[in-house]
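A short worksheet on the structure shown next.
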Amino acid sequence: MKKIIFILLSLVFTNSFAISPYEATYALHASTNLGSLKVGNADFKLDFNGNNEFTFSSQSYTDSIWKKLYDFKRYETSIGSLTNNKINGKLYDIVEIEKDEVTKNNKILIDHKEGFAILNNSKKWEMQSNLIVDELNVYIALAVNLHKNPDQKEFSYNVIDEKGIELINFITLGEETITIENVKINSIKLRSPELKISINVSKKYDYIPLIIERSSVSTRFRLVLNEYDPT
């Protein structure tokens with residue numbers, strides 16, 4: 001992990017954003033009948049443009065040697081704005097593929113002027129709040145809030161997905177020492193009961209996710225950071 005580069009670049013971006021652009025790669029682990037195995041990788045990328053708008057994308061995929069046992073791909077793109085240290089989502093696109101079958105393909109457009117969100121050009125929800133995030137950019141929102149209030153014990157967000165808009169919480173579970181690439185890191189662990197996600201973050205790494213654990217109906221996934229490159 002490129003700690004020296006991070007320290008230098010964080011000084012450049014501190015005045016404009018509470019979080020800087022970055023690229024990160026993760027090892028993808030899955031709980032299977034054979035136990036917990038590294039089955040693939042995930043890539044995250046956060047870009048900003050000159051209008052305080054961002055594009056945050058991620059892709060998770062299993063390695064070719066595991067495709068017969070477990071073939072999974074997940075692609076996410078989140079477009080929004082970061083203004084006055086507040087996240088506003090505008091577009092969320094997610095595709096999941098299991099064993100060459102598309103199991104999820106959703107595009108959510110958030111129209112702040114009209115006050116509603118549209119799922120796949122058909123289903124519509126009225127928004128009770130202008131501050132709407134999605135399952136991907138909620139990581140940015142959390143990082144921004146941790147920069148502002150690192151001692152806060154609970155963070156709440158209006159998160160949108162294919163089921164609608166739900167108020168979700170991230171609860172601080174306490175400090176935890178984790179080891180990544182033979183480096184010990186003092187981290188903060190948080191959990192969202194609604195999203196069934198727990199994450200570890202650290203101020204030293206700009207509060208980006210260091211470890212993400214996500215539970216689905218049949219599988220538990222674990223992403224562990226193995227490379228971090230502020231850009």
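Quick check: net charge around Val224, other residues with Cβ under 10 Å of its Cβ, Lys/Arg +1 and Asp/Glu -1?
For residues surrounding Val224, the net value is 0.
Could you pull out the longest piece of the chain with no exposed loop GluC sites (Glu not before Pro) in it, calling a site exposed if DSSP puts it outside H, G, I, E, B and it has at most 15 other Cβ atoms within 10 Å?
Answer from the scan: 1-113.
So, counting K/R as plus one and D/E as minus one, what does the shell of residues with Cβ under 14 Å around Val144 add up to?
Value of the local net charge: +2.
Of the candidates Asp151, Asp47, Asp63, which one comes out as most mobile in a Gaussian network treatment of the chain with C-alpha springs shorter than 10 Å?
The residue with the greatest mean-square fluctuation here is Asp151.
Ordered by residue, what ³J(HN,Hα) values in Hz, to whole numbers, does the stretch 86-91 give under the Karplus form 6.51 cos²θ - 1.76 cosθ + 1.60, where θ = phi - 60° and Gly and Pro are x?
10, 8, 10, x, 10, 8
Determine the relative contact order of the chain: mean sequence separation of Cα pairs under 8 Å and six or more apart, normalised by residue count, in whole percent.
Contact order relative to length: 19 percent.
Can you list the residues, at least 5 places off or on another chain, whose amide H is less than 5 Å from the amide H of Thr231, using H built in the peptide plane?
Hits under the 5 Å cutoff: Tyr22, Glu23.
May I ask you to list the lysines whose Cα is less than 20 Å away from that of Lys38, ignoring any residue fewer than eight positions away on the same chain?
Lys67, Lys68, Lys73, Lys99
Check which residues have an amide H placed less than 5 Å from Asp71's amide H, if you skip close sequence neighbours.
HN-HN under 5 Å from Asp71: Lys99.
Using the Karplus curve 6.51 cos²θ - 1.76 cosθ + 1.60 with θ = phi - 60°, what ³J(HN,Hα) values do you get for each residue of the stretch 183-188, in whole Hz, with x for Gly and Pro?
10, 7, 10, 7, 10, 10
Starting at the first residue of the stretch 47-53, write each ³J(HN,Hα) from the Karplus equation 6.51 cos²θ - 1.76 cosθ + 1.60 with θ = phi - 60°, in whole Hz, x for Gly and Pro.
10, 10, 10, x, 10, 6, 8
For the chain, set up a Gaussian network in which alpha carbons nearer than 10 Å are linked by springs, and say which option among Leu46, Leu37, Leu82 fluctuates the most.
Leu37
Restricting to bridges with both residues inside the chain, how much of the DSSP beta-bridge set is antiparallel, in percent to the nearest 5?
So the antiparallel bridges amount to about 95 percent of the total.
Can you give the helix-only mean residue ellipticity at 222 nm for the chain, where every DSSP H stretch with n ≥ 4 adds -39500 (n - 2.57) and the sum goes over all residues, rounded to the nearest 500 deg cm²/dmol?
Values: 2 runs with 22 residues, N = 231.
The per-residue figure over the chain is -3000 deg cm²/dmol.
Quick one: which residues, 5 or more positions from Glu194 or on another chain, have an amide H under 5 Å from its amide H? H modelled 1.01 Å from N in the peptide plane, none for Pro or chain starts.
Asn169
Let a ≥ b ≥ c be the square roots of the eigenvalues of the Cα gyration tensor of the stretch 3-230; is it rounded (a/c under 1.5), or, if not, prolate (a/b larger than b/c) or oblate?
Verdict is oblate for the stretch 3-230.
Computed from the coordinates by the stated procedures, all read-outs in this text should not be read as laboratory data. Every value quoted in this text rests on a predicted model; they were computed, and no experiment measured them. Note that each Cβ is placed from the backbone with ideal geometry, even for glycine, and that neighbours are counted across all protein chains shown.
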